[in-house]
Structures are given as structure tokens and as C-alpha cells.
Amino acid sequence: MRALVILLTISVLQISQCVVRVSDSGYSFSLEAVKTLKRLMEFDTSTNPSQTYGNAESLCADPDLPRDFRELCGKHNINQVFQNLVRIISPIDPCEICANVACTGC
């Protein structure tokens, strides 16, 4: 019985340590880092509504930008990579995640 409890505990620990990765243009980042990037980009565009996405220069200067993205700062395709990463984790339809009270079938 004790061996079964130990085996289940080890299994749960291994499952809980799984990290979802989001990849684009040969770069791979944790889902949590991309969520933080999305939040920072949304904040950046709220200060300048004419922008579609946050400016890479201001994002790289932000101390809240996850370390994972620091290697991209200064690269020529950084804006495109940031935009692609945010698009990958953004649902096309908000009802897809039941964010809207009017959603049906959730």
C-alpha cells in the first residue's frame, strides 16, 4: 500500500512539472512567459490605441518582460515574433474560452 502511495505521488509530481511551450521562428517560450508578453503588449497598446501591438523597443525596456525574451531584443524580426506568439495563444472567438456571458454551449 505504501509503495502505491509513493508511486502515485511521484506520478503527480511528474505531471505537475510539465511545461507548455509556444514556438515561432525557431524560438520556444513557456506559455506563462507568452501570457506575460501578451499582457504587456495589451498594456502598451492601451497607452497608444493607434498601435496594433506593443512596440518591441518599449517591451524590451520593460523590466517585467520575462527573461526568456531578452535574447530576442535587438534581433531584426522581434516585432513579428512577438505578434505571432500573442496570436498563437489568443482565441479567435472569445466564446471559445467562455469569456462572454452570452456564449452558448459552454
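Summary of computed values
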quantity	calculated
Residue in the range 28-47 that is nearest to Phe69 (Cα to Cα), counting only those that are at pLDDT 85 or above and open to solvent by 40 Å² or more (accessible area, probe 1.4 Å)	Ser28
Filter result for Asp64 (modelled with pLDDT of 85 or more and open to solvent by 50 Å² or more (accessible area, probe 1.4 Å))	yes
Hits in the range 60-87 (condition: hydrophobic (A, V, I, L, M, F, W, C), within 13 Å of Ala33 (Cα to Cα) and assigned to a helix (DSSP H, G or I))	Phe69, Phe82, Leu85, Val86
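The values are calculated or read from the model by the stated rules, or taken from the named source; none is laboratory data. Fair warning: this is a prediction, and the values are worked out from it, not measured in the lab. Just so you know, the surface numbers come from the protein's heavy atoms only, side chains and all, with ligands and any DNA or RNA stripped out. Shrake-Rupley method; radii C 1.70, N 1.55, O 1.52, S 1.80 Å.
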